[in-house]
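J.: Sharing a structure, written as structure tokens. Questions coming.
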Amino acid sequence: MATNHASKWTPEDKIRIVLESINTKISTADLCRKYNVSPNAIYDCKEKFISAARYEIVFGSISSYVAALEYSFIVGLVLLGANLLIYRASAKKVRGEGVIDRRLA
């Protein structure tokens, strides 16, 4: 949550500050002064924290969410490949390619 690129805050520090902002009546401005951070840093960490909690509740864990995304991606690739094969087969049929001439067989 530091304002420079090299963060001096550990993930545990960020979680502690976010929980303090959620569980207390301390304003964001007061937290910024207390920890010497920008309001955007607190808002960003708070949004990431809430998003991670949302995924945890919905999917049971972040890894389950990632696995669901990977599965969807793989299914999408398989369907895309199947559609490409169907398209190629129908294009060959229109052009007369790949059709066995029964007189030669």
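The values are calculated or read from the model by the stated rules, or taken from the named source; none is laboratory data. Note that the structure is a prediction, hence the values are computed from the model and not measured. FYI the Cβ positions are ideal-geometry reconstructions off the backbone, even for glycines, and counts take in every protein chain you see.
J.: Of everything in the stretch 19-56 that's closer than 22 Å to Val66 by Cβ and aliphatic (A, V, I, L, M), which residue is surrounded by the fewest Cβ atoms within 10 Å (Cβ to Cβ)?
T.: Ranking the qualifying residues of the stretch 19-56, first place goes to Ala53.
J.: Let me ask something else. Could you check the stretch 31-48 and list, in sequence order, the residues that are in a helix (DSSP H, G or I), over 14 Å from the mean Cα position of the chain (by Cα) and not acidic (Asp, Glu)?
T.: Leu31, Cys32, Arg33, Lys34, Tyr35, Pro39, Asn40, Ala41, Ile42, Tyr43, Cys45, Lys46
J.: Quick one: what pairs do we get from the stretch 52-73, first residue modelled with pLDDT of 70 or more, second part of a helix (DSSP H, G or I), C-beta under 6 Å, 6+ apart or different chains?
T.: Tyr55/Ile62; Tyr55/Tyr65
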